[in-house]
Amino acid sequence: MASSSEPLPGTSDLWEPEVGDWVALEAAARRVFGAYGYGELRTPIFERTDVFVRSIGDETEVVQKEMYTFEDRGGRSLTLRPEGTAGVIRAVANSGLNQGDEKRVFYMGPMFRGERPAAGRRRQFHQIGVEAVGPRDPVIDAECIAMFVQFLDEIGVTGSRVMLNTRGLGEDRAQVNAALRAFFAPRAAEMCEDCQRRLDTNVLRMLDCKNEACQAIVVDAPKMIDLVCDESRAFFASVCSSLDQLGVDYELAPRLVRGLDYYIHTVFEVTHSGLGAQDALAGGGRYLIVPPGANKPVDGVGFATGMERLLMARQSLGLAQTARPEADVYVVSLGETSVAPGLALAQEIRRSDLGLRVRAETSGRSMKAQMRTANRLGARLVLIQGESELAAGEVVCKNMASSEQVSVPRAGALAWLRTNA
RNA sequence: GUGGUUGUAGCUCAGUUGGUUAGAGCGCCUGGUUGUGGCCCAGGAGGUCGGGGGUUCGAGUCCCCUCAUCCACCCCA
């Protein structure tokens, strides 16, 4: 295929009618999240690099090898956002967050990670995310998950699973790591290379290694819930009971840890079997992030879901795409002198309150060619205004489905459309 | 970053052990109706066989390199 006109690897052009599916998804998100009192926030697509490094964690996979980072003309290091939370926290802090304030926001848009593309993984991908910033309240964690479940329900995605775990508080980290190291150290020799390295760099991650040999060992590893402090245990119990009350089904996933450093307490992932190797439909949890320029951390809970993956899930369920015709009305002109009047007629319809999508002949082709075009565009109605109609001050109005057509006075064309559209 | 897969017309794909001007279906255009679409019929346009190099009398077919696709690993949405 032609190479220079192709989009960059891991990116793509999105055309109708697929765009219609995306718009529908976005509309559903706005409706559902709005119903929970969340408002839309649009943050920049790039930020100072440290906005991401400091909140996501400089030891994480995302920061170490996946970010699109560049220098601007002033020599500042900037980065295309690899996820949404860091920017939202920066924006919330910038807008002023008083003690006791709660900011509920959602966002949607492109994110960028320099990974190798695969099923459900793109370099430019699109997330819809939600953040409740302010209170550290387990009920909000539960409500957040319930909200996403409702969203899935409304867009017809069935068969997903909610996986839930806790990471404990930051203060637990040293103790948790020590306990896990004590468990893994004697068995490290039997585990994969990555895990042997992780023993020193990131013990937590050993818990969700997918290597078979490692999994056999991990099964017997101490569970997070048993390693964290009493406060964390109580918090987690509260999240679970709230979910029960909200009627949300979930599964405990003792080995779920997630890849970003800012998480505390609740972490969750929603998986779906129709996605391929990357089976996460959404992921999120509670976090503690120090916004740039601040010295006090900000509490929050949220999640992000991948639009591409939501669409994949829908497709795996056989949910039809919403193909829609390109036009509702086509205006046919016959003869050079009738083209301009035809365009004027089209303009009149477009300016009316009918809300019809109108295409009109611009180059004076044969009637057959124009009718074919009208048919191809999916136009339900055709208005024919040739030279003889112009002379008589009339318009021939045709219903494509029934093939019936009538001649009406030019002034009555809009009225005909109103009753036949 | 590693491994595998695929790359022929706008789309989906054929293309026999390398052999003359590269094919089909769909789509598109024109005509069959001096002003009427869909169905049908006839005709037509459209291809640097992803790109570069090599082997050969001869390469879409074989070899090397490169680019891109899809998938998997890593990790994640």
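The values are calculated or read from the model by the stated rules, or taken from the named source; none is laboratory data. All of these numbers come straight from a predicted model, not from anything done at the bench. With ideal geometry, Cβ positions are generated from the backbone for all residues, glycine too; neighbour counts draw on all protein chains shown. Ligands, DNA and RNA are stripped out before the accessible areas are found, and what is left, the full protein with its side chains, is counted by its heavy atoms. Shrake-Rupley method; radii C 1.70, N 1.55, O 1.52, S 1.80 Å.
Details
- Apportionment of accessible area to carbon and sulfur, chain A, percent (1.4 Å): 49 percent
- Close amide H contacts of A:GLN127 (hydrogens built in the peptide plane, cut-off under 5 Å, sequence separation of 5 or more or a different chain): A:GLY109, A:MET111, A:MET307.
- Here the 3J(HN,Hα) profile of the stretch A:385-398, calculated from phi with Karplus coefficients 6.51, -1.76 and 1.60 at θ = phi - 60°, is 10, x, 5, 5, 5, 4, 4, 8, x, 10, 9, 8, 10, 10 Hz, Gly and Pro shown as x.
- Other residues within the sphere of radius under 12 Å centred on the Cβ of A:ALA132, judged by their own Cβ, net out at -3 (K and R +1, D and E -1).
- Estimated 222 nm signal from helices in chain A, with DSSP H stretches of n ≥ 4 weighted -39500 (n - 2.57), rounded to 500: -11000 deg cm²/dmol
- Distance from the Cα centroid of the stretch A:113-172 to that of the stretch A:215-229 is 23 Å (rounded to whole angstrom).
- Backbone amide hydrogens, once placed in the peptide plane, bring A:MET67 within less than 5 Å of A:GLY114, excluding anything fewer than 5 places away on its chain.
- For chain A, the solvent-accessible area of protein heavy atoms averages 49 Å² per residue (probe radius 1.4 Å; ligands and nucleic acids excluded).
- Helix A:138-154 axis, angle to chain A major axis (alpha carbon atoms, nearest 10°): 30 degrees
- DSSP beta bridges in chain A [antiparallel fraction, %, rounded to 5]: 80 percent
- If you take the Cα centroid of the stretch A:249-321 and the Cα centroid of the stretch A:6-76, the two points sit 14 Å apart.
- For the residue pairs A:LYS65/A:LYS103; A:LYS103/A:LYS296; A:LYS103/A:LYS210, alpha carbon separations beyond 25 Å are given by A:LYS65/A:LYS103; A:LYS103/A:LYS210.
- Using alpha-carbon coordinates, inclination of helix A:367-377 to the longest axis of chain A, degrees: 20 degrees
- Between A:ALA179, A:ALA24, A:ALA360, the Gaussian network model of chain A with springs among Cα atoms under 10 angstrom shows the greatest mean-square fluctuation at A:ALA360.
- Amide H contacts for A:VAL331 (H built 1.01 Å from N in the peptide plane; partners 5 or more residues away or on another chain; cut-off under 5 Å): A:ARG359, A:ALA360, A:GLU361, A:LEU383.
- Coil-residue trypsin sites (Lys or Arg not before Pro) of the stretch A:9-78, DSSP, other Cβ within 10 Å capped at 14: A:ARG42, A:ARG73, A:ARG76
- Principal-axis tilt of helix A:18-35 within chain A, Cα atoms, nearest 10 degrees: 60 degrees
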